[in-house]
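Here the structure comes first, spelled out in structure tokens, and everything after it is commentary.
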Amino acid sequence: MGLRQTLGAGAIAGVLLLAAACAESPSEEPGPPAAGRSSGSELAAGGQDPQSPATSAGDDPFAEYAVERPGPLRERLLSADILISTEETISKQTVQRIRRLPGVTAVEPLSVALVSVEDRVLSVAAVDAAGYRRFTGLATAEEQAVWDRVAGGEIAVRPALQARLPLDEQDFVRLGSEEGSPSAHVGAWAPQVPTIDAVVNERWAEELGMQPGNALVVSTTITAPQAIRGPVKRILGANASIQLLDIATRLGLDPDAVQTAVVVGTVADAVGSFSYRTLGGGRIAPDPAWVASHISTEQVPILGTMTCNRAIFPQLRAALEEVVASGLAGEIHPEEYAGCYYPRFIAGSTTLSNHSFGLAFDINVPGNQRGTAGELHRGVVAIFEKWGFAWGGDWRWTDPMHFELARLVDPD
């Protein structure tokens, strides 16, 4: 985003939001509270007062992404019963076909993608605030400040991530692991539609490289959502993700649904989009065709055999060859290598790890635990960073054993 003005720390008060935050789903991987954050009572970061008259573009740090504010909530609230996502834009004609299905009360188009934020991959939605807010539940839908801030160019994040999101001193979060990834200011901590971690307005979709209109929230009101899944699948095809949100709320993810991973960022072409099913023990089963075309097992210097995304190997080899040429090969311990491709969720969550795409690997594990400075030789770190890998030791909650592909580098 570029602009970094000093922002106030005024919070949105709101007893209903507090109650909703306390009732949120189980916590994810434990971590330290975010810098400058309260233990849970503060639900919105600072920024210009959303209730005040709009400032001029020159005074507004978020003007680049601002859209018209939605105004007060006047339409009735709707239940969020099904979340549909696909790899491609869902046409207006297809939306109308789904809207006309018996039992469907309302349909809201949005764009959904996975965004890498420090080894967790967040589900981010670009939404029309006026329409989407009706599906978020009473506490969030009626909090006007949340939607004014989203329309104003800020991001609203579900409260369960408040202690885990890596914010800078001014409450910005970088959306992506690549150099030059855009940063968004956290304007509110507010519950969202289940399985969605954060929302921005529609102007952000192009900046983040999202596939426009590739998702729908569906309300069925008194009709059982299970009755709609079959007809929707016949319209969209077997590869569409049709997530029953009542099950997702109780169990974390609908075990019968095919999930769709649509990744954005400069390495998105290397990853591709793929579908997967959930397994026990926090694991996932990606589409075998995607695995066959993207994952391979190859020999590399020092570490020997690695199973990773094919895209990682040219620059990984180049990095390891430079480590050898620099006389630093002894600083990497092959017996302490902990893997690359491991299709799974972050421990205790339904958030995908970057290891699920075969783009991350862990080395020298015993001496480089999370939350420590680590013992890894900084010359080795510099070489990996030169060849396009981000290092977990630079993160707010450090993970010095961890490297992940942040940009594509041609070794030739």
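Here are a few things to note about the model shown:
- Peptides 323-331, 399-407, 215-223 ordered by average Cβ neighbours within 10 Å, highest first: 399-407, 215-223, 323-331
- In the range 305-403, the trypsin sites (Lys or Arg not before Pro) that fall in loop regions by DSSP, at most 15 other Cβ within 10 Å: Arg396
- Between Ala382 and Glu87, the FRET efficiency estimated from the beta carbon spacing at R0 = 35 angstrom works out to 0.40.
- Magnitude of the charge dipole for the range 328-408, about its Cα centre and with charges confined to Cβ atoms of Lys, Arg (+1) and Asp, Glu (-1), is about 280 debye.
- Think of the range 283-389 as having a plus end and a minus end, set by charges on the Cβ of Lys, Arg, Asp and Glu; of Leu320, Ala285, Pro366, Ala285 sits farthest toward the positive end of this dipole.
- Within-10-Å neighbourhood charge of Ser356 [Cβ basis; K, R +1; D, E -1]: +2
- With a simple spin-label model that places each label point 7 Å from the Cα along the Cα-to-Cβ direction, the separation between Glu335 and Thr305 comes to 1.9 nm.
- Model label points for Leu279 and Leu138, set 7 angstrom from Cα along the Cα-to-Cβ axis, are 4.3 nm apart.
- Toward the positive end of the charge dipole of the range 299-412, with +1 on the Cβ of Lys and Arg and -1 on the Cβ of Asp and Glu, the farthest Cα among Gly330, Thr305, Leu352 is that of Leu352.
- Gyration tensor (alpha-carbon) shape descriptor, the range 320-366, a/c threshold 1.5: prolate
- In range of the label at Ile222: residues from the range 81-122 whose backbone nitrogen is under 19 Å from the point 7 Å along Cα→Cβ: 81-82, 100-107
Every number in this text was worked out from the coordinates using simple rules, so none of it is lab data. If you're wondering where the values come from, they're calculated on a predicted model, not measured in any experiment. Cβ: placed from backbone, ideal geometry, glycine included. Neighbour counts: every protein chain shown.
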